[in-house]
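As structure tokens, the structure follows; a few thoughts come after it.
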Amino acid sequence: MRYNHKKLIMIGIFLFILSSIGCYLSPNFNIMMVSYAIAGIGMAVYGPMSTTIIGEILPAQKRAGAIGIIVAGMSISYLVGALVVGYLAGASGWRSTYLLYSIPVSILSLVMVTIGIPTKQVDARTSSGSYFDGFKAVLTNISANACLICYVLSSAAWQYSLAYSVSFVRQRFLLSTSSASIFMLGTSLVFTIGSLTSGRIINRYGRKLTTVISTFLLGALTIIGPFLYNFGIYAVLAVVICVFSGMMMTGIRSLTLEQVPRFRGTIMSLNYASM
């Protein structure tokens, strides 16, 4: 509410860098855990602000597409990071993953944010309010609360796929580790595609309708998945689930961002906390 959102994003990324350096230099496990926790603080700052700033610097018709790119970027970074970190750890030890990947990527991100994001002054009407005014405005808004509850429930459905799908296909269909990895890679790429294409769908059909339909289909198909015993059918279902999950993640964030425009930072912070 009181500080420039771009600077907050930069602080979040700086905490990622600080965390990575601490993990790289840590002489024991306790120092490692403290250093790792700093990254959690960084994400708590960076995550909400990365979405909030979209509402501040982009017109309404471009916001959904930008959020879709952010959601897709998370999926891509997960895929690339898993491959790179696995290779570096095997070749040079786990410390090299911080020195050769995490720190350079974070520094590059900080430079890109510094150069690429325009600086926007904090709205005087917002900065002059009490810290609790933002929470009061959000928590007394029925539609804002509906969005937050929707995000909790839809995230629960998606977390099932993230946490258990690979173990499920290995146990149910007796897939090898390499085959399960290829399955995860394919579904993650489909999630990325669903996120990137959702911006156009949202602009055409609206944030609310896209969110409702994608969330409903995500939940319904997730329930069906464990009852399938044919891998081909399950793989097709998993692909469809990933498409709708990408749409859901983009749609609900886009919808939530528009609920209380004066306190976007507050509602997106609550959005990430609910996740």
How large a share of the accessible area of the chain, in percent, is made up of carbon and sulfur atoms when the probe is 1.4 Å and the other protein chains stay in place?
71
By Kyte-Doolittle mean hydropathy of at least 1.0 and Cα axial length of at least 18 Å, which whole DSSP H helices of the chain are selected?
5-25, 29-57, 60-92, 103-116, 207-224, 231-257
Leu153/Ile107 FRET efficiency (R0 30 Å; Cβ-Cβ; nearest 0.05)
0.20
If the chain between Ser179 and Thr140 were fully extended at 0.36 nm per residue, the gain over the current Cα-Cα distance would be 9.2 nm
Order 245-252, 86-93 from most to least packed using the mean count of other Cβ atoms within 10 Å.
245-252, 86-93
Given a Förster distance of 30 angstrom, what is the FRET efficiency for Gln171 paired with Ala82, based on the Cβ-Cβ distance and rounded to 0.05?
0.90
If you put +1 on each Lys and Arg Cβ and -1 on each Asp and Glu Cβ, how big is the dipole of the chain around its Cα centre, in Debye rounded to 20?
460
Mind giving me the nanometre distance, one decimal, between the label points for Ala60 and Thr119, set 7 Å out from Cα along Cα→Cβ?
3.0
Would you mind getting the accessible area per residue of the chain, heavy atoms of the protein chains only, 1.4 Å probe, in Å²?
53
Kirkwood estimate for the range 234-275, i.e. one over the average of 1/r between Cα atoms, Å:
11.5
Which FRET efficiency value, to the nearest 0.05, is calculated for Ala91 and Tyr36 with the Förster distance at 22 angstrom and r the Cβ-Cβ distance?
0.50
Compactness of the range 94-209 as Cα Rg over 2.2 N^0.38 Å, two decimals
1.57
Segments 214-227, 190-203 sorted - mean Cβ within 10 Å per residue, highest first:
190-203, 214-227
Anchor Lys6: lysines whose Cα lies under 19 Å away (excluding residues fewer than 8 positions away in-chain)
Lys62, Lys120
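The values are calculated or read from the model by the stated rules, or taken from the named source; none is laboratory data. These numbers were taken from a predicted model, which means no experiment stands behind them. Heads up, the Cβs are rebuilt from the backbone with ideal geometry, glycines too, and the neighbour counts pull from every protein chain shown. Heads up: the accessible areas ignore ligands, DNA and RNA and are worked out on the full protein's heavy atoms, side chains in. Shrake-Rupley method; radii C 1.70, N 1.55, O 1.52, S 1.80 Å.
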